[in-house]
1. Within 10 Å of each candidate Cβ there may be at most 13 other Cβ atoms; applying that plus a DSSP loop requirement, which trypsin sites (Lys or Arg not before Pro) in region 399-464 survive?
2. Pairing the Cα long axis of helix 230-242 with the longest principal axis of the chain, what angle in degrees results, from 0 to 90 and rounded to the nearest 10?
3. Based on the alpha-carbon gyration tensor of region 471-553 and its eigenvalue square roots a ≥ b ≥ c, which shape applies: rounded if a/c is under 1.5, prolate if not and a/b is larger than b/c, or oblate?
4. Which whole-Hz couplings ³J(HN,Hα) result when phi for each residue of region 398-408 is put into the Karplus expression 6.51 cos²θ - 1.76 cosθ + 1.60, θ = phi - 60°, listed in order with x for Gly and Pro?
5. Placing +1 at every Lys and Arg Cβ and -1 at every Asp and Glu Cβ, with all other atoms neutral, what dipole size does the chain have around its Cα centre, in debye to the nearest 20?
6. What is the mean projected area of the alpha carbon convex hull for region 28-89, to one decimal in square nanometres?
7. Count the net charge of all other residues whose Cβ sits under 12 Å from the Cβ of Asp531, scoring Lys and Arg as +1 and Asp and Glu as -1.
8. Counting only helical runs of four or more DSSP H residues, what would the 222 nm mean residue ellipticity of the chain come to if each run contributes -39,500 (n - 2.57) and the total is spread over all its residues?
Amino acid sequence: MRKKQKAQIEERRARPAAGGANDALPAKEMGTAQRSANRRVFAALALIAFAVFISYGNTLKSEFIHDDRAEILQNPFVWNFSHILQIFTTPAWTFGNVGPYQFKSNYYRPVQYFSYAILYRLFGPEPWGYHVYKLLSHLTVCLLFFWILWSRWQDYTLALSSSLLFAVHPGNTEAVSWVSGITDTSCALFFLLSFLVYLQDRAHPSAPKLLLLSLLVLLGLLSKETMASFPIVIFAYDWLETGRFPRLNKHLRIILPLLATFGIYLILRIHAIGGFTDPLQIPYNYLDAFQLFLNQLVLLSQYVVLFFLPVALCSYHLFNPVLSPFNLRFGIALLILAASLLGFLLIFKRLDLERRKPLLLGLLWFVVTLLPVLVFLKRIGDNVFAERYFYLPSLGLCLSSCLAVMLVKGRFPRVTPVVLGLLLATLAWRSIDRNRVWQTELMFYETTAKESPMAATILNSLGTVYVRQSRYQDSIKAFESSIAGRPSLVALKNLANVYATVGRHEEAIATYQKVIALDPLDSAAYAGLGDVFFTRGQYTKAIENYKKSLACYPESTVALFKFADACIADQRYDEAIQALQTVLALSPAESSRAYRQLAKVYESKNLPDLAAEANRKASFGPVHLFR
């Protein structure tokens, strides 16, 4: 203590005396230094913006891909602001619930659909506007990342290199290039904003900052569940800064508002989904606790590889769980994690005390923000390893990795910047090339099916794209491959529809019967069978199957119209009239078509007055077939 006090006294003695002509010189030098620092910061921000636009500028020409088409083009919740209540009180994908076709979802993402509603108001169904928003979101995340690192550690090279690495890393292309990756970029944006406000409040506590922090955390949670890791990250930061494990009683000022925020989120989520998650959406429920732990390590190793070796990128990774510690994949995962940890320890030992803090923070950031994926592995679905989940966690590895680069720079000051520049240029080129996969649906599905040939969902979607392009033989191959991987009702019905379209009626009938064997209440399968029999002129069989379809879904106006057509062809006019009158009662918007059909029936029954009246009513409104 005495030595410290003596050093402080000596330091004060060494300072120049106050007053005198020399006072203006330090002030002038200080102003010059500040202007120089500002220029460096603006140069860094401009360089980061350049890197982002170079890496992702080609996404502005991309189409809506995969889930985008359903969640934007077929989602009435986002076409105007009249469905705000449904957006915040229902889980994702419930906009597709029609009649007996009820979608289940574990996802509660109101910020995603609310963002779509705003973008739809601005750009309508034009995809370029959504891609502009995604690019600007990524840019904002990169700039926030730079600002947090620069303002906290005042290490210009570290802040700039970390932000540039994150900006161009090809592992982030799915989150940025795909419109539906808006959940990940939004969550990262609110995460960094929350962290920045937390740092400001930590330095100068105030109630408004605390309120703003709570609001940002809530918005992050409503964007994606990953935001739940935020409290662990800020406690880890406190631990690293103070060198002591944070005491809960000293952090009640932060803990209580965050607990209240999580409480609000849980209430909204449980109300929307009916529980924290839907128990029917658990594909890996057979894994016991030990097997779950094994797969969590395997999954963690895959994300580590994605960062350091972003080569085998794929939009639909199939995850096959390991069931034993003697599995080769588990052994490889342990080697990857052990090598990564060893490298981290070697770097840690060579860094000074001040730089060890951001190194540890980066590692903890990576692991902690992946915890929602690792912990809830059972409840996520087939796609537990997805590149978009890597977006927020990769910020931590970018920070830690660039600290290692700074260490090398100390020994090779001339070579390191050149190597780093070449690395960033290579990664940017890889991102530009990878973005092309997301430009058209056909390119996306063909590329993804090639990268993941056992992905039944992707193969089925590829088949539907081929159907829209009238490439029926290609669509049959895609649907058959999808069914070989995993027999699904959707793929079977799609295959049966194409068989019927190309005149392979016997195969269509057999395929529809497979669907009915799997699900005897599938209304669409019975209707499809009815269509095949109707095409073959077997009207009695067609009518039987249309009746079965209507028994499963009585409000299907599609089936009612087809049933009426079959009855007319079989001269069962009274049944046709009854079906068309049911359409009029169910759907006034489809009255024009129903009245035109009624006019045909009345003409066939030689009732010209009724036919004329039906034709007159048919002229009153347009046809809207939507059921």
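1. Working: sites: Lys409, Arg411, Arg414, Arg430, Arg434, Arg436, Lys450; in loops: Arg414.
Here the sparse-neighbourhood loop sites are Arg414.
2. Tilt relative to the chain: about 10 degrees.
3. Note, shape of region 471-553 comes out oblate.
4. These are the phi-based 3J(HN,Hα) values: 4, 5, 5, 5, 6, 5, 5, 5, 4, 5, 5 Hz.
5. Working: 62 positive and 43 negative charges, 587 e Å.
So the magnitude is around 2820 debye.
6. Result: a mean projected hull area of 8.2 nm².
7. Details: positive: Lys493, Arg536, Lys541, Lys562; negative: Asp565.
Net charge around Asp531: +3.
8. Details: 28 runs with 441 residues, N = 627.
When only DSSP H runs of four or more count, the value is -23000 deg cm²/dmol.
Taken together, the values in this text are just the output of simple stated rules run on the coordinates, not laboratory data. This one's a predicted model, so the numbers in the text were calculated from it and none came from an experiment. No Cβ is skipped: glycine too gets one built from the backbone with ideal geometry, and neighbour counts run over all protein chains shown.
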